[in-house]
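Worksheet for the structure shown next.
The values are calculated or read from the model by the stated rules, or taken from the named source; none is laboratory data. Everything numeric here is computed off the predicted structure, so don't read it as measured data. For neighbour counting, all protein chains shown are included, and Cβ atoms are generated from backbone atoms with ideal geometry for every residue, glycine included. In case anyone asks, the SASA skips ligands and DNA or RNA and just uses the protein heavy atoms, side chains included. Shrake-Rupley method; radii C 1.70, N 1.55, O 1.52, S 1.80 Å.
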Amino acid sequence: MSDYDVLIIGAGITGAAIARELSKFKLKILLLDKEAEPAFGVSKSNSGIIHAGTQNPPGSLKGRLCVEGNRLMREEMAKDLGLHFIQCGQLIVIFDLKDLPELEKIRLEGETLGVEDLRIVDRLWLNAHEPGLGPEVQAALYVPSAGIISPYRFVYALVENAVRNGVELKTSHKVTAIKRLKGGEPGFEVTAARQVFRTRFLVNAAGLFADEVSALAGGADFKITPRKGEEYLLDKKREHIANHIIFPLPTPDSKGILIIRTSDGNPMIGPTAHATEDKGDLSTTDEGLAEVLAGARRMMPTISKSDIIAYFSGLRPVCGHDFIIRHEDKAPGLVNVAGIQSPGLTAAPAIANHARDILADNGLELIPRKDFHRNREKPVHLLQIPLSKTRELIKKEPAYGDIVCRCEMVSAQEIRDAIKRGARTLDGVKFRTRAQSGRCHGGFCTTRIVKIMQEELGLPVEEITKRGPGSELIMDERK
Amino acid sequence: MTKRELVIVGGGPAGMAAALAAKESGVRDILLLERDQHLGGILNQCIHPGFGLHRFKAELTGPEYADRFIKMVKDSPEIQVSLRSFVVKLTGDKKISYLKPGALEEIEAGAIILATGCRERTREMIPIPGSRPAGIYPAGLAQKMINMEGWIPGKEAVIVGSGDIGLIMARRMVLEGMKVKAVIEIQKTSRGLVRNVVQCLEDYGIPLYLSHKITKIYGANRVEKVGVVEVDENFNEKPGTGFELSCDTVLISVGLIPENELLEMAGAAIDRVTNTPVGPEVNLTSIPGIFACGNAAKVYDLVDWVSRDSEKAGKMAAEYLGGKAL
Ligand SMILES: Cc1cc2nc3c(=O)[nH]c(=O)nc-3n(C[C@H](O)[C@H](O)[C@H](O)COP(=O)(O)OP(=O)(O)OC[C@H]3O[C@@H](n4cnc5c(N)ncnc54)[C@H](O)[C@@H]3O)c2cc1C
Ligand SMILES: Cc1cc2nc3c(=O)[nH]c(=O)nc-3n(C[C@H](O)[C@H](O)[C@H](O)COP(=O)(O)OP(=O)(O)OC[C@H]3O[C@@H](n4cnc5c(N)ncnc54)[C@H](O)[C@@H]3O)c2cc1C
């Protein structure tokens with residue numbers, strides 16, 4: 001007998017979406033991640049775009065799942081999970097009318113995949129709808145179904161809802177060994193954090209490390225090559241530079257350097273796309289900054305280096321040109337969900353449905369739960385609500401009036417809520433609340449947040465970390 | 001919405017001096033809003049001596065300097081202080097909204113003085129390439145951690161920038177048992193006061209690398225080392241001069257930026273390079289009846305001059321209110 005029906009390795013967007021989908025059924029599910037919190041892998045550092053599905057080859061799996069994921073976000077996910085999804089639309093611009101056939105090709109391919117309402121627009125339309133574009137821009141493809149979301153809060157919403165529906169979550173649990181059950185019984189014995197978990201089915205959603213996990217489980221042999229992308233965030237004062245997400249024509253390896261609106265208001269420029277061997281290389285470089293600035297400024301010349309307030313790198317888990325989502329007959333019960341490169345964030349809800357069907361085809365019995373809770377309450381973000389609503393909240397809970405982070409207006413109550421919802425690290429608090437992510441980068445609020453974390457978690461200050469063991473902030477306390 | 005004659009935002013040395021001067025000039029209804037739990041602003045974390053030489057002809061610490069003003073404010077019934085009160089909104093017609101635990105208050109003011117101080121420039125603004133591990137602190141944050149909380153951030157530090165806060169923190173960390181490996185300054189001369197270079201670095205044998213810059217920060221979870229290189233007059237790297245320093249802590253001390261987001265929200269003109277108000281003279285903004293003083297108006301080296309100039313702001317506000325009443 002196994003302890004679990006399904007064990008999912010990886011609490012990024014892929015694993016989280018699968019966990020939440022499977023939590024609709026009468027199953028015992030375990031979700032493991034090696035990091036201190038969910039969403040600390042690739043899913044925390046990306047562009048946050050819910051792509052429409054354009055710029056993918058028509059026959060591709062990732063193209064099909066992207067279009068479907070986009071639809072699920074617009075029609076169900078955002079509402080069910082209380083997500084701050086903004087359907088702002090996207091423009092793919094050209095600098096030379098000679099490139100019109102390229103745009104036309106993207107339009108046709110998009111329509112083949114099922115993307116709706118695509119339209120080529122001229123400079124006059126652009127002047128009216130995106131007045132900040134530079135003089136070089138001649139025309140664009142308008143893609144209205146694209147939008148933006150906070151990627152980590154998408155993951156947290158899925159995980160919270162999955163846990164609410166009975167999924168067990170264990171973080172700081174790195175899977176180090178996987179064995180087939182003895183005596184021909186189907187299933188696996190998975191070792192993580194010196195514990196052994198027995199499971200009938202195993203889902204590998206380990207992102208950059210999906211190749212290593214597949215090998216541990218005796219599954220297929222493939223290699224994930226990270227493709228690094230550097231992104232640069234601009235000051236909120238520049239919030240209104242763009243109304244849409246703005247793309248140039250794609251290259252064979254990437255969608256190019258973009259001007260990205262983000263759901264928290266700060267515009268972002270990037271990402272670069274360069275293969276690297278090192279799965280831990282999250283550094284940014286002078287060359288990357290120069291490349292991003294040049295690309296963005298060609299589309300919008302008013303963007304300047306002094307607008308930048310933050311930057312980061314992410315690694316796309318790339319294996320060939322498409323996602324790998326399949327049951328491994330060599331290791332019955334193992335479903336690999338690997339090579340989830342861009343548009344993995346968008347596709348996640350559709351990937352989850354696809355993985356569910358593959359599991360069912362291979363013998364997982366899916367009996368719907370009558371008590372499934374579809375909805376998750378939206379957390380409060382003072383910055384997103386009018387002052388009149390803030391007043392009502394403060395009446396109910398005075399600590400909403402106790403502002404901790406002044407740049408992003410985050411109250412002590414929001415920080416406590418975030419910890420109650422699972423934040424265990426400073427980055428976890430930041431991703432959930434935005435405290436420390438404004439222009440002062442925590443210069444004013446870090447000490448206060450650390451103290452609230454100590455109170456709520458009952459930890460000595462030396463054990464408060466930025467993002468898990470090894471990233472302690474304070475070495476010693478003088479009493 | 002309640003009406004008040006004069007509202008001052010920020011209870012640091014600037015806000016307190018402005019409030020006291022406005023009182024002296026006859027304003028009878030003054031509300032001083034401070035987001036922290038104490039008056040005093042940044043001075044509370046500056047426990048080293050060197051404040052008040054001009055003003056009081058005495059060498060005080062930051063908190064001692066602040067206390068002299070706090071006492072005078074407390075002895076003034078005309079000045080009402082509201083602590084833990086964070087101003088979130090300001091309009092051009094002088095309506096102010098602030099949050100405090102348990103309440104959102106809205107006020108219509110006759111005149112407003114903004115004394116909101118500065119924030120620190122960050123690593124992101126320079127910007128320094130590399131990874132983003134724990135152990136990188138703005139120098140003022142490190143000052144607050146060590147002096148106010150007793151939290152020692154690490155064992156071995158490198159300081160980027162030779163501003164006064166960085167210099168003072170170099171000495172402070174040595175006194176707390178940390179090793180300070182170097183102060184790295186891209187300019188040819190130190191940005192801080194000469195007395196601080198002597199008393200905080202030379203007396204402790206801490207090397208100051210002028211015309212050098214940090215090329216990269218290394219480390220996955222916590223800082224492991226930094227790359228350093230010499231630069232020429234145009235700040236270009238000199239080939240072959242690069243070296244590395246191992247450390248677990250990096251302090252960033254590369255200057256201050258006036259906090260004028262409220263003023264900007266009200267629609268006043270702001271200089272985009274310095275983030276200071278654009279006005280005909282110091283303390284004035286482009287909106288009549290809204291004044292700015294202290295570090296919010298321009299970055300000051302010495303608190304003595306903050307107090308002096310902020311008193312002028314208090315007088316100006318009083319004159320504005322008097323003129324309007326006539
Ligand atoms: C720069 C950049 C920009 C992007 N922009 C977009 C975009 O705008 N829109 C879009 O749709 N997509 C975008 N993507 C792609 C998207 O981010 C990824 O497809 C997606 O985040 C992949 O999620 P994942 O859950 O598969 O991987 P991850 O988020 O990495 O999750 C895998 C998890 O597995 C855990 N793990 C690994 N090994 C083990 C182990 N041995 N034991 C336990 N746990 C383990 C990891 O800790 C991690 O949390 C972008 C990617 C990058 C890099
Ligand atoms: C980190 C740091 C360290 C420094 N160290 C030294 C030093 O060692 N020696 C020295 O001579 N000078 C030092 N200075 C310079 C010092 O700041 C000035 O000399 C002086 O303190 C400035 O006074 P101020 O009142 O203008 O600003 P502050 O002292 O910064 O006071 C501003 C006040 O406004 C409040 N405030 C801001 N926004 C709001 C809002 N929206 N609502 C309500 N309240 C608000 C803040 O909480 C703060 O109390 C330092 C400055 C900084 C930033």
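Over chain A, DSSP H runs of length four or greater, each weighted -39,500 (n - 2.57), average out per residue to a 222 nm ellipticity of -8500 deg cm²/dmol. Placing R0 at 30 angstrom, the Cβ-Cβ distance between B:Phe243 and B:Lys188 gives a FRET efficiency of 0.95 after rounding to 0.05. Farthest towards the positive end of the charge dipole of the range B:122-252, among the residues B:Ile128, B:Leu245, B:Pro153, is the Cα of B:Pro153, using unit charges on the Cβ of Lys, Arg, Asp and Glu.
What's the longest piece of chain A with no exposed GluC sites (Glu not before Pro), counting a site as exposed if DSSP puts it in a loop and it has at most 14 other beta carbons within 10 Å? Walk me through the intermediate numbers first.
Values: sites that count: A:Glu116, A:Glu136, A:Glu277, A:Glu365, A:Glu377.
No qualifying site falls inside A:137-276, the longest such stretch.
Shown for the range B:122-252: lysine pairs separated by 8 or more places, or found on different chains, whose C-alpha atoms are under 27 Å apart, numbering 28. The range A:124-147 and the range B:1-50 have Cα centres lying 49 Å from one another.
If you count the DSSP beta bridges with both ends in the protein assembly as shown, what percent of them are antiparallel, to the nearest 5? Around 60 percent antiparallel, to the nearest 5.
Within a Cβ distance under 13 Å of A:Lys378, other residues only, what is the Lys/Arg minus Asp/Glu net charge?
Working: positive: A:Lys79, A:Arg153, A:Arg376, A:Lys389, A:Arg421, A:Arg432; negative: A:Asp80, A:Glu160, A:Glu377, A:Glu414, A:Asp417.
That sum, taken over residues with Cβ under 13 Å, equals +1.
When A and B come together, around 4500 square angstrom of accessible surface is lost from both chains combined, probe 1.4 Å.
Where nothing but the Cβ of Lys and Arg (+1) and of Asp and Glu (-1) is charged, how large is the charge dipole of the protein assembly as shown around its Cα centre, in debye to the nearest 20?
Numbers: 105 positive and 103 negative charges, 297 e Å.
Computed about the Cα centre, the dipole is about 1420 debye.
Checking the cross-link pairs A:Lys430/B:Lys100; B:Lys57/B:Lys89; B:Lys89/B:Lys298; A:Lys79/A:Lys223 against a 31 Å limit on the alpha carbon distance flags B:Lys57/B:Lys89; A:Lys79/A:Lys223 as lying beyond it. For the range B:185-326, the fraction of 1.4 Å probe accessible surface lying on carbon and sulfur atoms is 53 percent. Measuring heavy-atom accessible area with a 1.4 angstrom probe and counting protein chains only, the residues of the range B:200-222 that give up at least 10 Å² relative to the chain alone are B:Lys216, B:Ala220, B:Asn221, B:Arg222.
Kindly express, to the nearest 10 degrees and within the range 0 to 90, the angle between helix B:62-74's C-alpha long axis and the longest C-alpha principal axis of chain B. Computed tilt is about 10 degrees.
Normalising the average separation of contacting C-alpha pairs (under 8 angstrom, six or more residues apart) by the number of residues puts the relative contact order of the range B:27-130 at 24 percent.
A 1.4 Å probe run over the protein chains yields, for the range A:34-190, 41 Å² of accessible area per residue, whole-number rounding. Each 10 Å bin from 0 upward holds the following percent of the Cα-Cα pairs of chain A: 4, 19, 30, 27, 15, 5, 0, 0. Taking chymotrypsin sites (Phe, Trp or Tyr not before Pro) across the range B:1-108, the ones in a DSSP loop with at most 14 further Cβ atoms lying within 10 angstrom of their Cβ are B:Phe56. Would you mind checking the pairs A:Lys370/A:Lys420; B:Lys95/B:Lys315; A:Lys44/A:Lys170; A:Lys44/A:Lys420; A:Lys236/B:Lys94 and listing those with alpha carbons more than 25 angstrom apart? Those over the limit are A:Lys370/A:Lys420. Of interest is the spacing of the C-alpha centroids, which for the range B:267-309 and the range B:143-211 amounts to 29 Å. Average accessible surface for the range B:23-104: 47 Å² per residue, computed with a 1.4 Å probe over protein heavy atoms with every protein chain in place. In the full protein context, the range B:210-277 carries 45 Å² of accessible surface per residue, based on a 1.4 Å probe and ignoring ligands, DNA and RNA. Mean separation of Cα pairs under 8 Å and 6 or more residues apart, divided by the residue count, gives the range B:122-252 a relative contact order of 32 percent.
Taking every residue in B:123-130 and counting other chain Cβ atoms within 10 Å of its Cβ, the average works out to 5.
Could you work out how much longer the chain between A:Ser304 and A:Lys279 gets when fully extended? Use 0.36 nm per residue separation minus the Cα distance between them, nm to one decimal. Kindly include the intermediate steps, with their values, before the conclusion.
Details: separation 25, 0.36 × 25 = 9.00 nm, distance 3.07 nm.
Taking 0.36 nm per residue and subtracting the Cα distance, the gain is 5.9 nm.
Distance from the alpha carbon centroid of the range B:61-114 to that of the range A:286-343 works out to 47 angstrom. Pairs of Cα atoms nearer than 8 Å and 6+ residues apart set the relative contact order; for chain B it is 22 percent. Measuring nothing but protein heavy atoms, the accessible surface of the range A:385-463 at 1.4 Å probe radius is 49 percent carbon and sulfur. Computed from point charges on the beta carbon alone (+1 for Lys and Arg, -1 for Asp and Glu), the dipole magnitude for the range A:385-463 about its Cα centre is near 320 Debye. Per-residue mean of foreign Cβ neighbours for A:309-317 is 2 (Cβ atoms of other chains, 10 Å radius).
Using a Förster distance of 30 angstrom, determine the FRET efficiency expected from the C-beta separation of B:Gln80 and B:Glu264, and round it to 0.05. The partial results should precede the final answer.
Values: r = 27 Å, r/R0 = 0.89.
E between B:Gln80 and B:Glu264, to the nearest 0.05, is 0.65.
From helices alone, chain B scores -6500 deg cm²/dmol at 222 nm; the rule is -39500 (n - 2.57) for each run of n ≥ 4 DSSP H residues, then divide by the residue total.
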